[in-house]
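One structure below.
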Amino acid sequence: MKKIIAMLSLASLIIMGAMIYLVKKGVSLRADTLIKPSEISTNDTNVSHAVAYRLFPDFQSHDMIIVGVPEEDSRLQVLAEQIAIEAEKLLGQPIHRAADKMHLQDCGKLCWVKVKPEEAQELEKNSYIPSVIQPLGRTYFTLNLLEFSGYDAEALSACEQEKRLDLKCLVTLSVKQAERKMKDPNKRYFFMKKYEDRGNYLLLQKN
């Protein structure tokens, strides 16, 4: 009996010590994998299909999707539209493309708002979502389309210490983690991560 009591006391001390450590140090948030590293097919056709299926529950349950796409990147611009088309097929109804990202009061559900990448993330300071989206009082989630060719090895150590990731570190750590699953150097891969409640990040390897 004494041994059992001693073991329970020791276990309690270990648990208490772990809790104190977590409180002091904080808990590092990491991105969840929504789509594991997969080979990209011709014209990115399997990418749009996979993303639409994976985000289908979000399309159904939200009023708006804020899509971050670089204006100068024709590949990602085309892919964003392909994702919208695939989502429309699944929903069985049209998605409303916003004509003006600053005036969205009359944009029906599901409202597809295409913006700059920095406006479609909540990892860093971003005035667009608090000033334009949140005052509408409508549910939303974000999708950022990003290309990568590798990861920033010099930033890796610092990124691993971040409690809450910024966009650069999210990409760095995600690509590093996916690297071991992208085995064929002659192929190009894509994968998708989720960070916190409503931030989705689609990463595509450059051609």
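The values are calculated or read from the model by the stated rules, or taken from the named source; none is laboratory data. Worth saying up front: this structure is predicted, and the values here are computed from it rather than measured. Neighbour counts are summed over all protein chains in view; Cβ atoms, including those assigned to glycine, are modelled from backbone coordinates with ideal geometry. These accessible areas exclude ligands, DNA and RNA; they are computed on the full protein's heavy atoms, side chains included. Shrake-Rupley method; radii C 1.70, N 1.55, O 1.52, S 1.80 Å.
Looking only at residues of the range 28-61 that are among the hydrophobic types (A, V, I, L, M, F, W, C) and in a loop (DSSP other than H, G, I, E, B), we find that the one that is surrounded by the fewest Cβ atoms within 10 Å (Cβ to Cβ) is L29. Taken over the range 62-81, the criterion of being within 17 Å of V113 (Cβ to Cβ) and part of a helix (DSSP H, G or I) is satisfied by L76, Q77, L79, A80, E81. Within the range 82-117, being charged (D, E, K, R) and buried (at least 16 other Cβ atoms within 10 Å of the Cβ) holds for E86, E88, K101, K114. Considering K206, K193, the condition of being open to solvent by 70 Å² or more (accessible area, probe 1.4 Å), in contact with a strand residue (DSSP E or B) (Cβ under 8 Å, 6 or more places away or on another chain) and at pLDDT 90 or above is satisfied by K206 alone. So, of the residues in the range 118-145 that are free of Cβ contacts under 8 Å to residues at least 60 places away in the same chain and within 20 Å of E81 (Cα to Cα), which turns out to be surrounded by the most Cβ atoms within 10 Å (Cβ to Cβ)? Ranking the qualifying residues of the range 118-145, first place goes to A120. If the condition is being more than 22 Å from I65 (Cα to Cα) and either of a type outside the set (K, R) or at pLDDT below 90 (or both), then the range 169-179 contributes C169, T172, L173, S174, V175, Q177, A178, E179.
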